[in-house]
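I have placed the structure first, in the form of structure tokens, so that the comments after it can refer back to it.
The values are calculated or read from the model by the stated rules, or taken from the named source; none is laboratory data. The structure presented is a predicted model; accordingly, all values stated were derived computationally and were not measured. All Cβ positions, glycine included, derive from the backbone under ideal geometry; neighbour counts span all protein chains shown.
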Amino acid sequence: MDFTFTEEQTMSAQALGELLGDVCTGADLRALADGTLAGGAGRWQRLAAIGLPGALGPESAGGMGLTEADFVLLAEETGRAALPEPLVAHAGVAVPMLAELAAAGVSGGVPEALERAVSGAACVVVAHPLEDYIAGVDTAELALAGAGVGQVALCRRDELRLLPQASLDPLQPLVRITLPAGRESLLPGAPQVAEGLWRRARMRTMVFAAAQMLGLAARMVGIAVSYAGERRQFGRPIGANQAIKHHLATVQVKLEFARPVVYAAAAMLADAFQAGGPAAALPPLVEARVLQAKLAAADAADLAARTAIQVHGAIGYSWELDLQFYAKRAWALAALNGNRNQMQRRIQELLFGGGIETGPDRLFTN
Amino acid sequence: MDFTFTEEQTMSAQALGELLGDVCTGADLRALADGTLAGGAGRWQRLAAIGLPGALGPESAGGMGLTEADFVLLAEETGRAALPEPLVAHAGVAVPMLAELAAAGVSGGVPEALERAVSGAACVVVAHPLEDYIAGVDTAELALAGAGVGQVALCRRDELRLLPQASLDPLQPLVRITLPAGRESLLPGAPQVAEGLWRRARMRTMVFAAAQMLGLAARMVGIAVSYAGERRQFGRPIGANQAIKHHLATVQVKLEFARPVVYAAAAMLADAFQAGGPAAALPPLVEARVLQAKLAAADAADLAARTAIQVHGAIGYSWELDLQFYAKRAWALAALNGNRNQMQRRIQELLFGGGIETGPDRLFTN
Amino acid sequence: MAIALHYTQAERALRAEARAWLAAHVPAVPLPSFDTRAGFDAHRAWERELHAGGWSMVTWPREYGGRGLNLVEWLVFEEEYHRADAPGRVNQNGLFLFGPTLMEYGTPGQKARFLPRLAAGDDIWAQAWSEPQAGSDLAALRTTAIQDGDEYVISGHKIWSSRAVYADWCFGLFRTDPASERHRGLSYIVVPLSAPGVRVRPIAQLDGEPGFAEIFFDEVHVPVANRIGAEGQGWEIAMATAGFERGLMLRSPARFQRTAARLVELYRRHAADCDPALASTVAQCWMDADAYALSTYMTAARLIAGGRIGVEASLNKVFWSELDLAMHRAAQSILGARAALMREAPDAADAGGWVEGFLFSLAGPIYAGANEIQRNIIAERLLGLPRGPA
Amino acid sequence: MAIALHYTQAERALRAEARAWLAAHVPAVPLPSFDTRAGFDAHRAWERELHAGGWSMVTWPREYGGRGLNLVEWLVFEEEYHRADAPGRVNQNGLFLFGPTLMEYGTPGQKARFLPRLAAGDDIWAQAWSEPQAGSDLAALRTTAIQDGDEYVISGHKIWSSRAVYADWCFGLFRTDPASERHRGLSYIVVPLSAPGVRVRPIAQLDGEPGFAEIFFDEVHVPVANRIGAEGQGWEIAMATAGFERGLMLRSPARFQRTAARLVELYRRHAADCDPALASTVAQCWMDADAYALSTYMTAARLIAGGRIGVEASLNKVFWSELDLAMHRAAQSILGARAALMREAPDAADAGGWVEGFLFSLAGPIYAGANEIQRNIIAERLLGLPRGPA
């Protein structure tokens, strides 16, 4: 039993954090939101240069062969920066799904797509058949989609019908997509494999969304702490007031107790995925941990967002503060790919339906 | 439309408050709890001397002929003092029930019981057939009870089998009661009248419990405020700390927005009772307001109790502080005669089942 | 006086009259946001229409364009107004903050000059309280109004002025004694936003619309007659105004009851997909909105009987701002993935407006004096806790 | 090192061994409360039995009666301990607060003198921190220990000393420099409660049982050798002890996980009578108890890898105390009218103990440094907000 990251894992995350600190600042986000800067100023290329798009790709396809436990800290860093590009969807979800398709012997363009995805030459997003909206399609060349969870199709973006939806996060606009008619599944004969692949994709999406929300929450606390230390009212910094201190301390408690859940969920997911193929059932406790991770991180990020806005007073409610980009990303991630409702219901089902055993010795799958 | 109490109503409540300030102090409660003083030191007689046991009794039977809207402020005062005697159950619930039985032409000892109850010569409690536990039996001579809601029986206490239950509130011990076998109902032929009587009794119990909890909450805030103004730590009164201020302000907000609900519920109940006899259905909005009143007052009193204990620090957790008597009464009132669970479910039924219309013009029954 | 929770014949008649008028006049399609030029003009037109119908400011005396209703009658009107989903009041700063102030502190001449135009929608008003270095700490204001003959010359910088982008006038606090400190030496002055030297810079809100603005004053000349009350009385007047703002009239309960009713509807439609816990949350919102309304009726009755508004204003502010946030959070939970869709999204349907409302509700605990300040006021002035370092 | 969330062979073997031993030794009927004479004696006997089995303080070196386990192994043992509903640790002050302090600051002689008897249950320890005028403000202590030759003479008054009614020893902070102020001039001294001049007055808790006491010291003589650490080092040592208390060991997550499991069971049994919202509440409690456990595993792994405990102690304190309260409040909601019944009520059944637990949980946010103090620590030391007036 060990619950520490390796030095390599923490150093990679730190390096990514530093890179994003250079190329994904609040000012960069603002320029993108205001339309004064198009495209992302080569960020994707910078990320590709350090191999990130292929982080979870198999080494045989040129990837780094990392697991979910490795990627979770990287996803957290992209959250901290509110990275506009869909790196997490691509590297954290699409690439492993392509790799699983390739491993299942599927052709139909999969090996080529995997190779281009791993190198970052093509950006691939994932449109889960049960999700109505996805983000990041505008930067993508390809999308994994399906008319239902029994099917997996690989489409070029220009084949899809896209219905843009004005939405909360100005930097990751949502679209509803419709598949081209009569599109065949890459896995025509084996629905349970397709279902397993989608289940895995969803679990990865959730745990990495949770990781991003951890990063977002920490960033928002940091912004609020700086402001509260500088802004003076009634003759002293507002951060010297107990009310402000206690609000921010409460956020920090929520954040620090979401963190181990997210890390554990990623590690347990990695173990479960390695223990069985896509058709294998996921242990109920692992599924519950992933849902719990997303719930806990969403709660922490939501509280961080609301508290940081309150701490800023009126300026917190204005478009002029970069804080909004982090807050809106956090709320959007919470609403998508498993919202509170669905997750709560599912956890209750698992917990009260008896799928999960409770008690002090039932923390892990042992 | 008018939402002010009469001067007479407020002055009666003030007078009762002053009387209880003399005969029902924290020290009196402590003496009773520690067993160093038996019986209540003539408090019941003092209350009877000003006619309170007969407050809701008809003037024809020697009562004051008041309504629920008149009694709500009096019940609030008994709460503020954590009065150990079951005055509210007696005057607020048993007496009007006896009066309703008498008005329905029931004999079987009812007119005599009513007369003795109104004068305070006999204390009468009410054991709702669907409630498992009742308080105050030890001081009572008579009890209204029933084997089911279709029956009403009037029993002497010595006829009942009493099973005392160690319970939270040391000053109002709970008992489970069992009726003597083969006991006949006073209303053998008309179950809907009995049901109506029990419904009314329950509504009165709830709204007056709510009123008591308002008084308890205010008392606990007062105790905490005094302590916070006196107790010094780190060189100044602890009440100068924002954290303490904001906690107590939050309680006060909850309390002040429970108050109008409780008063409105009492007034709407009085109106509804006057508009129809015991067999008449209660308008869903009136029932909902009564439940809302008890929920809101219970929430305010619970928060007041927990906050006051926190404000006191370690001494708040000790038996030596009188605060405990108010806190325990509040929790016991919240658990009995309609707990959160039952009330929430019933309100949801009324609200989502369509029994209640919503919107800005639907505040009253109009 | 005695509790009588049923409407009189006259109150019922008023309700019927208001309902009929609103049914005939409320635009079938919601007006565009009053934080856009077109929306502002449409809302001004609506104010004029309300005024023509005699509904613009029902509690004011008839001489100023009102109909002399009491506060309970005002509540009845507001209930009908929100029940009809009538447009937001673009002139709310004028109607509910400046108007009552003027009624109490203005000279007869000032009243005659401003109130009828205000009621008619001819002048739309913005507030000019905050400054960059003085948020909730109003006593730290620095913008000066220096008397020069029969004029004040105003120089400085106001911020977070709602409606200022398109409004005609602003009212606010200015330092008329430049040597003064804190809350001494401030005066309450009104300034036409068209005056030379005034520059307005819109500030976008979280939803991207310019709901407030900065106002820069560069030696703006206004007549001394534009001062309300005495020189140096500004703080006292502003505190009274802040009381109105947090208090009874600016946030009439009907608005929250209408939102609660919409929330109940939303839940009923989506109950099958919801975590059952939402039933409790939604029911609590409905109860709290009604509790706020009951509290307002109780206060209104007390005021009619001769009472004055006190710390209730702070209690109200905390309660409604938290309720508004709770209702919008509940709606977001019910809506699931559609919670992220803005009103104009093709798939918005019954999600439309909730996310904008959620963003707006975040401002509730901040504006009109942050809730932290309100809690200090409740603790110190109502409960009597010792005044602390803050 | 790398994340590996599965137990090693050795950890599994330890679990099996602990489970078997506990199954054979845990009393079938719960012991009476250790705040009664009979219960205290029964709990001391249990401490001796644990010690005989080698389970009394598993992380201590074998020379002091432990078995030298690491923190993850300790967690495994604690899981089994609470899974078996084994008795509460009457010597928790000694085992988790005084023991670690002595391990770090004691001389070899002091360790040899106190630790084995502590591990064996021969000495039961009480803490003696607070004084009537110094609650969370420990630096305001006044009880003095004046050196006189090779003795200290102690005079003063301690309060809220848990277990002191029947304990053998107490440890605490005393002012050895009577001219000193605040946190200077304090020393950490241990005192036998049987010493002449010591008087203990029990204080009843909310549930009526004497869970803590006042200790009056009237010229109590103790040898200078009873001082732990240097003279004047008391504050530093106490802060380290307070870290243990709020931190890892005193509140092992297994206790909360066990309560959460009981809560899930309670809900399952009564779900049909419950407001559906309770399903969410109960699920949240289960998740939070597990989150606390996961966090502890993460901290344990970090400490094994050479890290030190820091402000986590304050984060933990806030989290577990609020979780404990939330779980008991949820149980109260589930139980309805039976929520008011005490353990000994004839109808208690599965309500038994929950109300006592609720009352006890109210103390959580208060003791070991009120949560308000913890939040200040988090805000100032972890987040770096400016130190304020408090």
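Checked against (1) out of contact with any Phe, Trp or Tyr (no Cβ under 8 Å at 6 or more places or on another chain); (2) surrounded by fewer than 21 Cβ atoms within 10 Å (Cβ to Cβ); (3) not hydrophobic (A, V, I, L, M, F, W, C), A:E100 passes all but a single condition, namely (2).
Only one of the numbered conditions (1) of a type in the set (A, V, I, L, M); (2) under 26 Å from C:T8 (Cβ atoms); (3) more than 14 Å from chain B (Cβ to nearest Cβ); (4) part of a helix (DSSP H, G or I) is not met by C:V76, and that is (3). The C-beta contact set for region D:337-353 (first residue assigned by TED's automatic domain parsing to the domain that holds D:C274, second residue among the aromatic types (F, W, Y), distance under 6 angstrom, 6+ apart or interchain) comprises D:A337/B:Y133. Assess whether D:G364 counts as being more than 7 Å from chain B (Cβ to nearest Cβ), in contact with a helix residue (DSSP H, G or I) (Cβ under 9 Å, 6 or more places away or on another chain), farther than 19 Å from B:R329 by Cα and surrounded by fewer than 24 Cβ atoms within 10 Å (Cβ to Cβ). So D:G364 fits the description; yes. Checked against (1) more than 14 Å from every other protein chain (Cβ to nearest Cβ); (2) at pLDDT below 95, C:L71 passes all but condition (1).
The single condition among (1) touching an Asp or Glu at 6+ places or on another chain (Cβ under 7 Å); (2) under 29 Å from D:H6 (Cβ atoms); (3) part of a helix (DSSP H, G or I); (4) of a type outside the set (S, T, N, Q) that A:R30 does not satisfy is (2). Residues being surrounded by fewer than 17 Cβ atoms within 10 Å (Cβ to Cβ), among the small types (G, A, S) and over 21 Å from D:A348 (Cβ atoms) are entirely absent from region B:150-163. Annotation note: of B:T365, B:T358, B:T307, the sole residue that is of a type outside the set (F, W, Y), modelled with pLDDT of 95 or more, surrounded by fewer than 24 Cβ atoms within 10 Å (Cβ to Cβ) and assigned to a loop (DSSP other than H, G, I, E, B) is B:T358.
Quick grid of which residues meet (1) out of contact with any His (no Cβ under 6 Å at 6 or more places or on another chain); (2) within 24 Å of A:G353 (Cα to Cα); (3) at pLDDT below 95:
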{"position": "D:V220", "(1), (2), (3)": "yes, no, no"}
{"position": "D:P223", "(1), (2), (3)": "yes, no, no"}
{"position": "D:G229", "(1), (2), (3)": "yes, no, no"}
{"position": "D:A242", "(1), (2), (3)": "yes, no, yes"}
{"position": "D:A254", "(1), (2), (3)": "no, yes, no"}
{"position": "D:D273", "(1), (2), (3)": "yes, yes, yes"}
{"position": "D:A279", "(1), (2), (3)": "yes, yes, no"}
{"position": "D:A283", "(1), (2), (3)": "yes, yes, no"}
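Of the residues that make up region B:259-277, is at least one surrounded by fewer than 22 Cβ atoms within 10 Å (Cβ to Cβ), hydroxyl-bearing (S, T, Y) and closer than 26 Å to B:G21 by Cβ? No - not one qualifying residue is present in region B:259-277. Tallying residues that are within 21 Å of B:A335 (Cβ to Cβ) and either among the hydrophobic types (A, V, I, L, M, F, W, C) or not in a loop (DSSP other than H, G, I, E, B) (or both) within region B:108-148 yields 12.
Could you please let me know if D:P223 is more than 18 Å from the chain's Cα centre (by Cα) and free of Cβ contacts under 8 Å to residues at least 40 places away in the same chain? Judged against the criteria, D:P223 is not a match. Exactly one residue out of A:E131, A:E115, A:E141 is surrounded by fewer than 21 Cβ atoms within 10 Å (Cβ to Cβ), among the acidic types (D, E) and touching a Leu at 6+ places or on another chain (Cβ under 8 Å), and it is A:E131.
So which residues in region B:154-174 are more than 14 Å from chain D (Cβ to nearest Cβ), under 22 Å from the mean Cα position of the chain (by Cα) and of a type in the set (A, V, I, L, M), if there are any at all? Listed by number, the list holds a single entry, B:L154. Between C:L50, C:L14, the distinction of being buried (at least 19 other Cβ atoms within 10 Å of the Cβ) and over 21 Å from the mean Cα position of the chain (by Cα) belongs to C:L14 only.
Filtering region C:129-164 to residues that are assigned to a loop (DSSP other than H, G, I, E, B), among the aliphatic types (A, V, I, L, M) and facing another protein chain (nearest Cβ under 10 Å) leaves nothing.
Would a scan of region A:228-235 turn up a residue that is among the polar types (S, T, N, Q) and buried (at least 24 other Cβ atoms within 10 Å of the Cβ)? The answer is no, given that none of the residues of region A:228-235 is among the polar types (S, T, N, Q) and buried (at least 24 other Cβ atoms within 10 Å of the Cβ).
Looking across region B:219-232, the residues that are part of a helix (DSSP H, G or I) and either over 26 Å from the mean Cα position of the chain (by Cα) or within 11 Å of another protein chain (Cβ to nearest Cβ) (or both) come down to B:V221, B:G222, B:A224, B:V225, B:S226, B:Y227, B:A228, B:G229, B:E230. When restricted to residues that are outside any strand (DSSP E or B) and surrounded by fewer than 19 Cβ atoms within 10 Å (Cβ to Cβ), region D:198-208 contains 2.
Can you confirm whether C:P346 is at the interface with another protein chain (Cβ under 7 Å from one of its Cβ atoms), surrounded by fewer than 18 Cβ atoms within 10 Å (Cβ to Cβ) and under 30 Å from C:C274 (Cα atoms)? So C:P346 fits the description; yes. The residues listed here are D:L173, D:L141; of these, the one that is under 20 Å from the mean Cα position of the chain (by Cα) and over 30 Å from D:E344 (Cα atoms) is D:L173. Among the residues of region B:1-20, those identified as at the interface with chain C (Cβ under 7 Å from one of its Cβ atoms) and either crowded, with 21+ Cβ neighbours inside 10 Å or among the hydrophobic types (A, V, I, L, M, F, W, C) (or both) are B:M1, B:F3, B:F5.
Of all residues in region A:352-364, those that are under 17 Å from A:L269 (Cβ atoms) and within 7 Å of chain D (Cβ to nearest Cβ) have Cβ atoms under 8 Å from Cβ atoms of residues that are outside any loop (DSSP other than H, G, I, E, B) and not aliphatic (A, V, I, L, M), 6 or more apart or on another chain, in A:L363/D:E79; A:L363/D:Q257; A:L363/D:D290; A:L363/D:Y297.
Screening A:Q274 on (1) modelled with pLDDT of 95 or more; (2) away from chain C (no Cβ under 14 Å) shows it passes everything except condition (1). Listed by first and then second residue, the pairs with beta-carbon distance under 9 Å, at least 6 apart or on different chains, first residue in region A:88-107 and closer than 16 Å to A:G65 by Cβ, second of a type in the set (K, R), are A:G92/A:R204; A:P96/A:R200; A:P96/A:R204; A:M97/A:R200; A:M97/A:R204; A:E100/A:R200. On inspection, C:A272 does not qualify as touching a residue at least 24 places away in the same chain (Cβ under 8 Å), outside the structural domain of C:D207 (by TED's automatic domain parsing), part of a helix (DSSP H, G or I) and among the aliphatic types (A, V, I, L, M).
The one condition from (1) at pLDDT below 95; (2) surrounded by 24 or more Cβ atoms within 10 Å (Cβ to Cβ) that A:H312 does not meet is (2). For residues in region C:316-337 being in contact with a Leu (Cβ under 8 Å, 6 or more places away or on another chain) and at the interface with another protein chain (Cβ under 7 Å from one of its Cβ atoms), which is farthest from C:R251 (Cα to Cα)? Result: C:A337.
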